[in-house]
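Data block below; observations after.
The values are calculated or read from the model by the stated rules, or taken from the named source; none is laboratory data. Everything quoted here is computed from the prediction, not taken from an experiment. FYI the Cβ positions are ideal-geometry reconstructions off the backbone, even for glycines, and counts take in every protein chain you see. The accessibility values were calculated without ligands, DNA or RNA, using every heavy atom of the protein model including side chains. Shrake-Rupley method; radii C 1.70, N 1.55, O 1.52, S 1.80 Å.
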Amino acid sequence: MRGGLVITAGILAGNILGFVRSAVTAYLLGTHAGADGQAVAIGPIDTLNSVLINTMVFAFVPLLSARQGGERAQLFRRAARLFTWVFCSLGAAVIAFAPWLVHLLGPGLDASVYRETVTLLRIASLSTLAAGAAALQSALLYTERRFAPSAFYQAVINAFVIAGALLLWKPLGVYSLAIGYTFGAFVQLAVVSVFARRSWKRLEGMQAAPADNHTNAELLSKPGSFLIYAALLSLNIVVTRAYATQAGPGMAAALDYCMRCVNVLTAYLVSPASNSFLPEIARLRSADRAGQAFRLINRVLGLTAVAAVVSCAIGIAIRQPVIALLFERGSFTAESTQMVSAVFLGFAPSLIGLSLLEITARSLFAFDKPWLPVIAASIPLLANLAISAVLHARAPEMIGVGASVGYLLGFAVLFVMVLSRRARWLRQIHPA
């Protein structure tokens, strides 16, 4: 209960500061070409870091929890050394290929902000090392039910972006946003490292560690299925943002403001439910009570569907006054409000498909059926690419249609796959 409250507090703080961060960005950049540049540069890095964080925690918490004392400390240190090289290589690759990545991530980006966007991407990419390393150390802390050092990651990032913008805007301009983002990631790494170091030092002293029988290949493959799932799901947004840059100046920025609103609702629909019922699904599966597990999944899906549809309808109905209240000041004009409201109309339904897809997929991961979610996660990306290629529409209302339809199709495909296999899974657990 205490851990759940801490995580909830972290999500709340992160979302509140996230709206402040978006409001500050809107005040300084509005929906001009410069706003598109920072969205194309920082948005994908933010997505990449989130994928790494979720993957490391999801993969290594069970692995570390299965070990005690020196054995756990030895496994953690080996994984930390290995993945530090992985995260460094990933960051270096982004820096080296930044000019080509900007062309790929923002094909319609205004030429006047191209060089600026490349520099922003390189600065923000330095945060990948910090985010990945902090996630692995968070996994160690989670095994000991110590949630507070990691729960406020997003809040820390947002706080430093805000501070960077307020303190460094005059001398550095838009670069202050990327500097604040990267500095915040390293501050969070420093905080988590202090607590994690105490943990593994204490564990090392508990007993002599036996020889580690895990190869580097095994450690790298452990996060495999969830990493592929999370990456495919995230690419749907990357494709939508790239498509938005071709719809005219300010469209990519308008999409990012919409994402801030939708992501808050998605987090509260998915995170509390998954934190509360996924351990129960795993427990029921271990106890050979798969029928009860499926009934629990169905109830949660039903409640999530109702909440998502109602939230989407309310959001669409009141989008314009809410967007004006949140962002309309400084460089964010009434015209910007109209633009963001129009983009929100097509993107808001993604809330329904994404929430249902995430609940179903995480249930299957808990049920030890990881590859069905991976298959389903490819559907939104393929559908979005196909719809975006066919539409060629520059209307703001159409920008998010590919993402929305893609998530709904992904959930539908996954739901059908589960239904077609459910009887067989039950027979395997309870053979006649």
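Key figures
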quantity: Residue in the stretch 44-61 that is out of contact with any Asp or Glu (no Cβ under 6 Å at 6 or more places or on another chain) and over 17 Å from ALA135 (Cα atoms) present; calculated: yes
quantity: Pairs where the first residue, in the stretch 80-94, is within 13 Å of ALA124 (Cα to Cα) and the second is not in a helix (DSSP H, G or I), C-beta under 8 Å, 6+ apart; calculated: GLY91/LEU126
quantity: Qualifying residue in the stretch 55-73 (condition: within 20 Å of LEU172 (Cβ to Cβ), out of contact with any helix residue (DSSP H, G or I) (no Cβ under 6 Å at 6 or more places or on another chain) and open to solvent by less than 30 Å² (accessible area, probe 1.4 Å)); calculated: no
quantity: Which listed residue is in a helix (DSSP H, G or I), under 22 Å from ASN236 (Cα atoms) and β-branched (Val, Ile, Thr), from ILE7, ILE42, ILE16, ILE11; calculated: ILE42
quantity: Total residues in the stretch 352-398, condition over 30 Å from ALA293 (Cα atoms) and not aliphatic (A, V, I, L, M); calculated: 6
quantity: Residue in the stretch 108-117 that is under 24 Å from ARG21 (Cα atoms), open to solvent by less than 10 Å² (accessible area, probe 1.4 Å) and in contact with a Ser or Thr (Cβ under 9 Å, 6 or more places away or on another chain) present; calculated: no
quantity: Top-ranked residue of the stretch 299-355 - restricted to ones that are of a type in the set (D, E, K, R) and under 21 Å from ALA23 (Cβ atoms), ranked as most open to solvent (accessible area, probe 1.4 Å); calculated: GLU335
quantity: Boolean, PRO99 is under 20 Å from ASP256 (Cβ atoms), surrounded by fewer than 17 Cβ atoms within 10 Å (Cβ to Cβ) and not polar (S, T, N, Q); calculated: no
quantity: Condition check for ILE359: open to solvent by less than 10 Å² (accessible area, probe 1.4 Å), farther than 30 Å from GLU328 by Cα and at pLDDT below 90; calculated: yes
quantity: Exclusive hit being modelled with pLDDT of 90 or more and either in a helix (DSSP H, G or I) or of a type in the set (Val, Ile, Thr) (or both), set ARG72, ARG122; calculated: ARG122
quantity: Qualifying position, being surrounded by 24 or more Cβ atoms within 10 Å (Cβ to Cβ) and closer than 19 Å to ALA79 by Cβ, among SER193, SER127, SER138; calculated: SER138
quantity: Some residue of the stretch 303-322 being within 23 Å of the chain's Cα centre (by Cα), at pLDDT below 90 and of a type in the set (Val, Ile, Thr); calculated: yes
